[in-house]
Amino acid sequence: MPVVRPPLIRQFAPLAAGYDVVLCDVWGVVHNGVAATPEACDALARFRSDGGTVVLITNAPRPGEVVARFTLDRLGVPRAAYDGIISSGDVTHALIAARAGKRVFHIGPERDLPIFAGLDAPIAPLETADYAVCSGLTDDTVETPQDYQPLIERMRERALPMICANPDVVVERGDTLVYCAGAIADLYAAAGGEVIFAGKPYRPIYDQALAIAQAARGAPVERHRVLAIGDSVRTDLKGAAAFGIDCLFVTAGIHAEELGHRDNPDASALADIFAGAGLFPKAVMRRLEW
């Protein structure tokens, strides 16, 4: 069986001409958790100036408006780079709202508490909770998912359903990879626990992103005119494929180490990653650049 090698392109502009809407990942494409990526922000702004619509689609476990105000603005991502934003926190917010009045056990840092804002969702200890929401590790600078194994065992004893507010397993923070809620949720699912994943690669976040894009454009958008951009095979590439849209894969993200080099990825290793997943992007770029 021949090896599939999606084209490695240097500029986004020629590819961009075939699309009306971009659904762009945030962490790993437009910033790395420490600073904005100027070339990517410029490329998205240029796509918009040519008539395109950009919706940022992120597995951040906080409402999209909170991500925009307290993360994107702080890191220097210009508002000119996007029309709207949807987060796994927004999807989680809706899932919590559907469970109004039920007691929730929260796993994650205090900074993620805005996902409960304005909802009838009393925070409770594990022993009396009706379900759990995992938004991340309490301290992702020192903890690993294995530290949560005793907690997972206690949750399994109670058969507590878990909403995973961020399906990512890891993200970049500068040049370091840190664990996310998805890593804990995977362990819980492997132990037989019930997990409801909000965000990429699952359909609800894409439906909401496309709705935002169509509202911004004032007209329906055909799927073949929509392009996803991201750096994760598990979330971005898989989610785009399941939603029936093309994907531009960025290599200088969470897969950079296994690809050999951030600025010069190994083509064979890249092909192996795609083949292993059975998923192939429309094209590949080292970094998003116009």
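Projected onto its three principal axes, the C-alpha set of segment 119-230 covers 49, 38, 25 Å, listed from the longest axis down.
Under 22 Å from the Cα of residue 200, which lysines turn up, not counting those fewer than eight places away in the same chain? Leaving aside lysines fewer than 8 places away in the same chain, those within reach of residue 200 are 238, 282. For the chain, DSSP calls about 15 percent of its internal beta bridges antiparallel.
Using the Cβ of residue 281 as centre and a radius below 12 Å, the other residues enclosed give a net charge of 0, where K and R count +1 and D and E count -1.
Express the accessible area of the chain per residue in Å², computed with a 1.4 Å probe while the remaining protein chains stay in the model. Spell out each step's value before the answer.
Numbers: 12470 Å² over 290 residues.
The answer is 43 Å² per residue.
Leaving out ligands, DNA and RNA, and with a 1.4 Å probe, what % of the accessible surface on the chain is carbon or sulfur? The C+S portion of the solvent-accessible surface of the chain is 52 percent. When the P(r) of segment 1-147 is calculated, the portion above 28 Å amounts to 35% of the C-alpha pairs. Per-residue packing, averaged as other Cβ atoms within 10 Å, sorts the ranges 87-96, 211-220 into the order 87-96, 211-220, beginning with the highest.
Radius of gyration over Kirkwood radius for segment 65-146, both on Cα atoms: the Rg/Rh ratio is 1.03. When the charge dipole of segment 1-97 is built from unit charges on Cβ atoms (+1 for Lys and Arg, -1 for Asp and Glu) and taken about the Cα centre, the candidate among 52, 96, 14 whose Cα reaches farthest toward its positive end is 14. Using 0.36 nm per residue and subtracting the Cα-Cα separation, the extra length available between residue 119 and residue 138 on full extension is 4.7 nm. When peptides 167-173, 180-186 are ranked by their average number of other Cβ atoms within 10 Å per residue, the highest-first order is 180-186, 167-173.
The values are calculated or read from the model by the stated rules, or taken from the named source; none is laboratory data. For clarity, every value in this text was computed on a predicted model and none was experimentally measured. Here Cβ is always computed from backbone atoms with ideal geometry, including for glycine, and neighbour counts include all displayed protein chains. Surface areas here come from the heavy atoms of the whole protein model, side chains and all, with no ligands, DNA or RNA. Shrake-Rupley method; radii C 1.70, N 1.55, O 1.52, S 1.80 Å.
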